[in-house]
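Q: I have a structure I would like to understand better, so I am pasting it below and will then ask my questions one at a time.
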Amino acid sequence: MIESYKKNLFKDFSSWFTELADLAQNTEDNSSLPKLELLLHTGNTICGSIIHSRKTAHDFLLMILGIPDSYSKSEITLLSGSQVVAIKLIEPNYYLKFFSAPENSTIIGSLELKRGIKNNETELEKIVGMKISLLLDVDSFPDNSRIDVLRTVNYLPTIFETLTTDELGKNLVHTAIKKLRITIGSSTEISLNEQTLNIQILSPLPIPESKERERIKIAIENLL
């Protein structure tokens, strides 16, 4: 683990500012962003998540979303990057999920992904009571992104089991969804067009799996 920290987390401050801001741009749930503490020249400390940065001629301007608790309201701090003398990573293992090198990521083959698609399509039919065809271009996914696609496919039975717990839910699903397509893009988007549910995901996944599954479920509910 120490070697992984050295290899993936030892960066200059400007790299941290840019990468964390880019991550925030592609994340809908700010509460899931990595948290850090910034120690300033003054001796003060700011805790929170970097949600935006702007490079100026000689510095970085940072926008930091604070960590609210039961005694304080949420707050946003604008800070000059040159004021930061140290960065403390809260729960450093969590950062490896986002910033580990590709060779440290789990790689699965296209055959395993195809099996997962077929098995979940069968399971989905049992739950919903009708066939929903899963449309995935397996060969188009990069090697290190297949694991994220498979995770998303694996969410589907649980999500649709929740959506179809009563007759109203079953009828809505039967009427609205005949096909389901999963793609990888630069943003998370879920749409429903001509009975095809389109789920576009990010890879690597920017939020914990439980939050990603809940995000997809809620988005589908809103489309029915």
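The values are calculated or read from the model by the stated rules, or taken from the named source; none is laboratory data. All values reported here derive from a predicted model rather than from experimental measurement. Positions of Cβ are backbone-derived with ideal geometry, glycine not excepted, and every protein chain shown enters the neighbour counts. When the accessible area is computed, the model is the full protein with side chains, heavy atoms only, and any ligands, DNA or RNA have been set aside. Shrake-Rupley method; radii C 1.70, N 1.55, O 1.52, S 1.80 Å.
Q: So what is the relative contact order of region 93-179, in percent, for Cα pairs below 8 Å that sit 6 or more residues apart?
A: 36 percent
Q: Additional query: Considering only Cα-Cα distances, which of the following residue pairs are longer than 23 Å: Lys178/Lys217; Lys35/Lys217; Lys88/Lys217; Lys7/Lys88; Lys7/Lys55; Lys126/Lys211?
A: With Cα atoms farther than 23 Å apart: Lys35/Lys217; Lys88/Lys217; Lys7/Lys55; Lys126/Lys211.
Q: Same structure, new question: Tell me the label-point distance for the pair Phe10, Asp139, using the 7 Å Cα-to-Cβ offset, in nm and rounded to one decimal.
A: 4.3 nm
Q: Further question on the same structure: Can you tell me the orientation of helix 167-176 relative to the chain, as the angle in degrees between its alpha-carbon axis and the longest Cα principal axis, to the nearest 10?
A: Helix 167-176 and the main axis of the chain meet at about 90 degrees.
Q: Normalised by the number of residues in the chain, what is the relative contact order in percent for Cα pairs under 8 Å and 6+ residues apart?
A: It comes to 16 percent, rounded to a whole number.
Q: What is the angle, in °, between the Cα long axis of helix 13-25 and the longest principal axis of the Cα atoms in the chain? Nearest 10 is fine, range 0 to 90.
A: Here the helix axis deviates by roughly 30 degrees.
Q: Would the chain count as rounded, prolate or oblate if I go by the C-alpha gyration tensor, calling it rounded below 1.5 in a/c and otherwise prolate when a/b exceeds b/c, oblate otherwise?
A: Here the chain falls in the prolate category.
Q: Here is a further query. Go ahead and set up a Gaussian network model of the chain, Cα springs under 10 Å, then flag whichever of Ile117, Ile107, Ile184 fluctuates most.
A: Looking only at Ile117, Ile107, Ile184, the largest GNM fluctuation is found for Ile107.
Q: I've got another one for you. Could you work out the helix-only [θ] at 222 nm for the chain, with each DSSP H run of four or more residues adding -39,500 (n - 2.57) and the total divided by the number of residues, to the nearest 500 deg cm²/dmol?
A: -13000 deg cm²/dmol
Q: Can you give the accessible area per residue of region 33-86, in Å², using a 1.4 Å probe?
A: That works out to 61 Å² per residue.
Q: Quote the FRET efficiency, to the nearest 0.05, computed for Tyr94 versus Thr122 with a Förster distance R0 of 30 Å and r equal to the Cβ-Cβ distance.
A: Once the sixth-power term is evaluated, E becomes 0.30.
Q: Take peptides 122-130, 38-46 and line them up by average Cβ neighbours within 10 Å, highest first, as a rough protection proxy.
A: 122-130, 38-46
Q: Sticking with this structure for a sec: Find how much the distance from Lys114 to Gln83 grows on full extension, using 0.36 nm per residue of separation minus their present alpha carbon separation; answer in nm with one decimal.
A: Residue separation times 0.36 nm, minus the Cα-Cα distance, leaves 6.1 nm.
Q: Roughly how tilted is helix 110-128, in degrees to the nearest 10 and between 0 and 90, from the longest Cα axis of the chain?
A: Result, in degrees: 60.
Q: If you roll a 1.4 angstrom probe over the protein chains with everything in place, what fraction of the accessible area of the chain belongs to carbon and sulfur, to the nearest %?
A: Ligands and nucleic acids excluded, carbon and sulfur reach 50 percent.
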